[in-house]
Every structure is written in structure tokens, then in C-alpha cells.
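S.K.: Below are the C-alpha cells for one structure; questions will follow.
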Amino acid sequence: MTPEEGRHIAQEHGLDLVEVAPQARPPVCRVMDYGKFRYEQSKKKTTKPRVDLKTLRLRPKTDDHDLDNKLKKAVEFLSDGHKVKLQMRLRGRERAYMSRWITHINALVDKLDARFQDELRVIQNPSPQGRDVTVVVEPVPA
């Protein structure tokens, strides 16, 4: 069809006539929303790796074997370049001994640092947040 016919159809539907393949003979055009098309094209250009924050939840009574498994998972996340948030959930009387749990989570960060070959940076120091004690760590960029 002619370009004028295509523009007329696009105007009827409140859309734009977008040339999607200018190299083709004849050029290929599509009736679509041009703003959406530009947004999708810009998303294709960005290939920046996305760094996510991975959260690992713990409890004060979590057994040693389970802690080891959680730390292994944290090392995997850190190896992939993700940030890791260790979150210790406290209940009842456990909240009365906040300094004990901050010390405990510091020890976990030290274990994690040893497993990750001392290439770990603490972004957010262990701090109480409501009924949790949290710490955020990330791998040191190479």
C-alpha cells in the first residue's frame, strides 16, 4: 500500500506509522505507538549487568549446618556480583539482647569474608531495624 494509505490507517487508530526495516525493498512499515517502539529499542541497547540485592534470612537458633548452607549460597550470590543482605529475625526476649546478635552477625560476616577470599566490602554495618538485625555486603569490584 502507499505511504499515504498507511498514514491514514494509523491516524484512524490513533497510532503512528513506523518504518521498521528501511533496508528492505520496498521498506517495511508498521502501525504502532512510536514512543513504545523507541523505549523497546533503548532497552535492547543497554546490556549493563543488573546487580540485585539478595536477602538471606536467619534466626538466632539456626543450626550450624543450616548456617553453612546459607553462607555457601551467599558466596554463590557474591561470585555472581550480587549484593547480599543477611537479615536475622528476632522474636520476643531475643530482642532484649541486641548486642549479642550484632556480635553473632559480625562473626557470620567474618566467616563469609574468609570463604570469599577477603574480597568483601560491608556496605551497611550490622544494625537493628525493627525486629531484625541486618548487614549488607558486596564483592569488591575488580
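The values are calculated or read from the model by the stated rules, or taken from the named source; none is laboratory data. Keep in mind it's a predicted model, so treat the numbers as computed, not measured. Cβ sites come from the backbone with ideal geometry, for glycine too, and all protein chains shown count toward neighbours.
S.K.: What are the residues in the stretch 40-68 that are more than 20 Å from L90 (Cα to Cα) and over 21 Å from the mean Cα position of the chain (by Cα), if any?
M.R.: Answer for the stretch 40-68, where residues must be more than 20 Å from L90 (Cα to Cα) and over 21 Å from the mean Cα position of the chain (by Cα): just Q41.
S.K.: Only one of R93, R121 is in contact (Cβ under 8 Å) with a residue 12 or more places away in the chain, surrounded by fewer than 18 Cβ atoms within 10 Å (Cβ to Cβ) and charged (D, E, K, R). Can you tell me which?
M.R.: Result of the check over R93, R121: R121.
S.K.: Further, regarding this structure: Identify, please: which residue in the stretch 25-61 is in a helix (DSSP H, G or I) and either touching a helix residue (DSSP H, G or I) at 6+ places or on another chain (Cβ under 7 Å) or of a type in the set (K, R) (or both) and is, among those, modelled with the lowest pLDDT? So that I can check it myself, show each step before the final result.
M.R.: Of the residues in the stretch 25-61, the ones in a helix (DSSP H, G or I) are 34-45.
With either touching a helix residue (DSSP H, G or I) at 6+ places or on another chain (Cβ under 7 Å) or of a type in the set (K, R) (or both) added as a condition, the list becomes 36, 38, 43-45.
Details: K36: 88, R38: 87, K43: 81, K44: 79, K45: 76.
The residue in question is K45.
S.K.: If a residue has to be surrounded by 12 or more Cβ atoms within 10 Å (Cβ to Cβ) and polar (S, T, N, Q) to count, how many in the stretch 9-64 make the cut?
M.R.: So the count comes out to 3.
S.K.: From the residues in the stretch 115-142 that are among the small types (G, A, S) and modelled with pLDDT of 85 or more, which one is nearest to K85 (Cα to Cα)? Walk me through how you get there before you give the answer.
M.R.: From the stretch 115-142, those among the small types (G, A, S) are 127, 130, 142; that's our starting set.
Add one more test, that the residue is modelled with pLDDT of 85 or more, and what stays is 127, 130.
Numbers: S127: 12, G130: 15 Å.
Looking at the filtered set, the residue picked out is S127.
S.K.: When only residues in the stretch 67-97 that are part of a strand (DSSP E or B) and hydrophobic (A, V, I, L, M, F, W, C) count, which is farthest from G130 (Cα to Cα)?
M.R.: That would be V84.
S.K.: Now, a different point. Let me spell it out: the conditions are (1) at pLDDT 90 or above; (2) closer than 27 Å to T2 by Cβ, and M88 meets all of them except one. Which number is the exception?
M.R.: The number of the failed condition is (2).
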